[in-house]
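Heads up, the thing below is written out as C-alpha cells.
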Amino acid sequence: MADLLVKLYDLQFTDIYPDNLKENGIEIRRSLVPEKLLVSAWVNKTFGAAWASECEVSFAQQPVSCFVAIKSGQLLGFSCYNATFKGFLGPIGVEPKYRFIGIGKVLLLSCLKAMAYQGYAYAIIGSIGAKDFFDQSITTFEIPDSSPGAYKGILKYHD
C-alpha cells in the first residue's frame, strides 16, 4: 500500500457539501474537544484501536484536526489530518450502512480544505487501502517507493 500525494493548491473547494446530505439532515463539521472520548470510542468500535489512537491525537491539535459526520446526534463518519505525521491525511472512515452517499468525500475535502487554509501546499495520504475511493474523489499521485514508507516498523495490534 503506497502513499498518495495531493496538490492542495490545485483543488477547488467551492461547493463541497452536496444537497442530498443537507436534505437528509447530515451535518459535517470540525469536531469539538469535549467529543474526543465519544468519537475515539466509536472509531475504536467501528474501525479498530490503531485508527482510534490516531483520532485521539487529532484532538490535541489546534485547531482540532478531526471532522465528523453526524445525523440526529449519531456519529456516521470521521476524518483526521496531522494525526500520525504532519501533513498526512487520515484515517478516514464512514459507518458501512452510510457509505456511497457522499459522506466520505465531504469528510475528505473538509480535511484537505482545512490543510490548505492552514498553509499546506501538499497532503500525503499514507498507506492507502481504498485507492478507488480517493481516485473517484480527488486527483492523487502515487509516491514511488513509499511502502511501508513512514510506517516502517510500526507495531501492529493482534487479536
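Only the coordinates and a few stated rules stand behind these numbers; no lab work does. Everything numeric in this text was worked out from a predicted model, so none of it was measured. Here the Cβ is made from the backbone with ideal geometry for all residues, glycine too, and neighbour counts use every protein chain on show.
Here are some notes:
- Evaluating 6.51 cos²θ - 1.76 cosθ + 1.60 at θ = phi - 60° for every residue in region 63-78, the Karplus couplings come out as x, 3, 9, 10, 10, 10, 10, 9, 9, 6, x, 9, 6, 10, x, 7 Hz, glycine and proline recorded as x.
- Spherically averaged projected area in nm², based on the convex hull that wraps the Cα atoms of region 77-139: 4.1
- Each listed q (0.17 Å⁻¹) maps to a log10 I(q)/I(0) for region 15-119, found by the Debye formula over equal Cα scatterers with no solvent: -0.70.
- For region 37-93, taking the reciprocal of the average inverse distance between every pair of different Cα atoms yields a Kirkwood hydrodynamic radius of 11.0 Å.
- Expressed per residue, the C-alpha convex hull volume of region 1-74 stands at 143 Å³.
- Using a simple spin-label model with pseudo-atoms 7 Å out from Cα toward Cβ, Lys97 and Tyr151 lie 2.9 nm apart.
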